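See structure below.
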């Protein structure tokens, strides 16, 4: 049988909340590495830094426009790939990427040029390391300081249009050494290069389809057609036409997918592909396929970069600042608790319990966000949670004041709860909607740590509603039905109830006099 209008079954709501908390902490302890701690940002735990030094095809200093564009693309990759808390700064002709924790490979991945091009395969040979002293590149490997000369020499031999020079370069190419041409090849010229695994050497024709014609990319798990992970590409309209024309005219030939001058995949065209899509196959796992898809999705960098070794950087604020922030939050929480206990008594205890449960839910969500999407908690995020304490407490106060208003009208504690909740609910929803909207706008418009502040503020606002609806209101309803807890001396509503009784008696006397 359904409860009367405005009333609820408190046990049902509390059971739902208990199930939510149980599921949340089951995910915390029994998924991933089971580490029950949130990830901290660079300012609290330090991180790993990789410096990218820009280089151009002609050896001239890069333009400010190209450097700024590269920085924006890397920042877009950071946001899109979930590498939360990372910093991308410009230092002269260098870009400095700093990621939280020990994420050197992650930082290098963000700085990958990721220039994808499509070339037709002219010929291919198994890769064999040439004998010592027979490869022209062996001499160049002895001169690491003259990088531009290495690039120019590699272009002269490996991008020559002379078939004889191409054959000599193909025989001399050593796939076991670093490629000076990586990310520096001319798309208008042929290219002699290796595949990613170093197993084959290829002679490739000039680029027939540039990577900028790729509209989107996504990682595809193994299926019946492909036993391993692949990367699926969808072309833009012009790219789809070029791809359809090429595959129609080259059935039985190989098309090389070249990423930063390196062949990632070279499938044989079985039939004309008219759907405007393609798949990159290779020795991918889930992580490498996802990383490649994300990088291609957000565009290639306009410059090639030399990457330094990853170096560890110390926390900019450190444990002392984190402790100070948590101490400030603790003081704020303590003041709220003392005020609620003195002013509301029983309702104050319910407020403290609700705040503790809200904090527990927030903590679990933080751990999972760090594990699943790389969210990191920095000092700005801690500030967002501290401010959220006030927002959460404000929701309780709105409800309790509406409850006292109903009691002043002469109603009992029990009958006042559903009426007060009906009146307070709309106010709470409106206030939290405004707070969430402000946090959302700030998140969209802000950058850096301010974005983290906005995110934690918005998340806390949403969880505030969950706690108020599933915990605070049901607990107050339960207290109103208890003979002991509803006593004026326990509930702290004695003065309000006496005033309510006086108002009810006055109304009754006025009604009697009017009838007389």
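For the reader, a short list of remarks on this structure follows.
- Between residue 216 and residue 22, the modelled label-to-label distance comes to 3.9 nm, taking each label 7 Å out from Cα in the direction of the beta carbon.
- Added length on full extension, which subtracts the Cα-Cα distance from 0.36 nm per residue, residue 465 to residue 251: 71.0 nm
- Computed FRET value (nearest 0.05) for residue 226 with residue 324, which takes r as the C-beta separation and R₀ as 51 Å: 0.45
- Spin-label model distance (nm) - residue 426 vs residue 149, 7 Å beyond Cα toward Cβ: 8.2
- Over the stretch 314-513, Cα pairs under 8 Å with separation of 6+ residues give a relative contact order of 29 percent.
- Multiplying the residue separation of residue 241 and residue 441 by 0.36 nm and subtracting their alpha-carbon distance yields 68.0 nm.
- Averaging the sequence gap over all C-alpha pairs within less than 8 Å and six or more residues apart, then dividing by the number of residues, gives the chain a relative contact order of 20 percent.
- Pairwise alpha-carbon distances in the stretch 193-272 exceed 18 Å for 50% of all pairs.
- When each of 484, 17, 455, 29 is scored by the number of other beta-carbon atoms lying within 10 Å, the sequence from fewest to most is 484, 29, 17, 455.
- For the chain, the Kirkwood estimate of the hydrodynamic radius, built from every pair of different alpha carbons, is 27.9 Å.
- Evaluated at q = 0.18 Å⁻¹, a Debye calculation over the C-alpha positions of the stretch 391-450 (equal weights, vacuum) places log10 I(q)/I(0) at -0.65.
- Projecting label points 7 angstrom from Cα along Cα→Cβ for residue 279 and residue 64 puts them 4.8 nm apart.
- Helix 147-158 and the longest principal axis of the Cα set of the chain meet at an angle near 60°.
- Hull-based mean projected area of the stretch 314-513, where the convex hull spans the alpha carbons, in square nanometres: 13.1
- P(r) tail fraction, the stretch 432-506 - alpha-carbon pairs more than 17 Å apart, %: 64
- The chain: angle of helix 163-172 to the longest principal axis, Cα-based, in degrees nearest 10: 60
- Label zone at residue 12, where the point sits 7 Å out along the Cα-to-Cβ direction: the stretch 449-493 residues whose backbone N lies under 14 Å: 470, 474
- Rounded to the nearest 10 degrees, the angle from helix 379-408 to the longest Cα principal axis of the chain is 30 degrees.
Each reported figure results from applying straightforward, stated rules to the coordinates on display, with no laboratory input. Small disclaimer: the values here were computed from a predicted structure and weren't measured. Cβ atoms come from the backbone with ideal geometry, glycine included; neighbour counts cover every protein chain shown.
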